[in-house]
Amino acid sequence: MSSHLLIDLPTGWHVDQAIVTEKERLVVIRFGQENDKQCVLMDDLLYSISSKVKNFAVIYTCDITRVPDFNEMYELTDPMCLMFFYGNKHMMCDFGTGNNNKMNFTIDDKQEMIDIFETIFRGARKNKGLVVSPYDYNDRRVED
């Protein structure tokens, strides 16, 4: 499983430190339950692109059952979601799903994910708090 090859954040303190201490790169955290099918698929994709994005993004995982500290604050109710931070600020991205706070669906295209990371990173460098995804995922809307 690729989740074991990505850097895991085992406590709330580690999550905070990852977000606060990284000054130059985009911080990407995959929140979820590490044995969930969506998490396994996303972790495989994230690991496969990690060396390609290492100059502008750092990728972490955080199991929300072991570290429930942020579940309420970030509304981490989905089995898997990606959240983005830059300069100690939460970066939002409009994916066309209605949820700009996080990506709560999987994709299977490496270049697509790299393009999303680059778009968020470039927007963050321009002090934008919200960027628009280069791809529209309105067909991936998660119904309540």
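Read the figures in this text as sums done on the coordinates, not as results from a lab. Since this is a predicted model, take the numbers as computed values, not measurements. Cβ coordinates were reconstructed from backbone atoms using ideal geometry, including for glycine residues, and neighbour counts include every protein chain displayed.
Which GluC sites (Glu not before Pro) in the stretch 4-101 sit in a loop by DSSP (not H, G, I, E or B) and have at most 13 other Cβ atoms within 10 Å of their own Cβ?
Counting only loop positions with at most 13 other Cβ atoms within 10 Å, the GluC sites (Glu not before Pro) in the stretch 4-101 are Glu24, Glu72, Glu75.
Explain nothing, just compute: Karplus ³J(HN,Hα) = 6.51 cos²θ - 1.76 cosθ + 1.60, θ = phi - 60°, for every residue of the stretch 23-31 in order, whole Hz, x for Gly and Pro.
9, 10, 10, 6, 9, 10, 10, 8, 8
State the label only: which of (1) 21, 18, 16; (2) 19, 18, 16; (3) 29, 16, 13 corresponds to semi-axes √(5λ) of the Cα gyration tensor in Å computed from the shown model?
This structure yields the entry labelled (2).
Give a residue-ordered list of calculated ³J(HN,Hα) values for the stretch 86-98 (Karplus: 6.51 cos²θ - 1.76 cosθ + 1.60, θ = phi - 60°; whole Hz; x for Gly, Pro).
After applying 6.51 cos²θ - 1.76 cosθ + 1.60, I find 8, x, 6, 10, 6, 9, 9, 9, 8, 9, x, 9, x Hz.
Less than 28 Å apart at the alpha-carbon level, and either on another chain or at least 8 residues along: which lysines does that give for Lys23?
Lys52, Lys54, Lys89, Lys102, Lys110, Lys126, Lys128
Compute the signed sum of charges (Lys and Arg +1, Asp and Glu -1) over the other residues within less than 13 Å, Cβ to Cβ, of Asn71. Each step should come with its number before you reach the end.
On the way: positive: Arg66, Lys102; negative: Asp63, Asp69, Glu72, Glu75, Asp78.
Spelling it out: positives minus negatives among the neighbours equals -3.
Taking 7 Å along the Cα-to-C-beta vector as the label spot, tell me the Tyr137-Leu5 distance in nanometres, rounded to one decimal.
Taking the simple label geometry, Tyr137 and Leu5 are separated by 2.2 nm.
Can you give the calculated 222 nm mean residue ellipticity of the chain, where each DSSP H run of n ≥ 4 adds -39,500 (n - 2.57) and the sum is split over every residue, rounded to the nearest 500 deg cm²/dmol?
The per-residue figure over the chain is -9500 deg cm²/dmol.
Count the net charge of all other residues whose Cβ sits under 13 Å from the Cβ of Val40, scoring Lys and Arg as +1 and Asp and Glu as -1.
On the way: positive: Arg30, Lys37; negative: Glu34, Asp36, Asp43, Asp44, Asp63, Asp108.
That works out to -4.
Which FRET efficiency value, to the nearest 0.05, do you get for Asp69 and Asn35 by plugging their Cβ-Cβ distance into 1/(1 + (r/R0)^6) with R0 = 25 Å?
It comes out at approximately 0.80.
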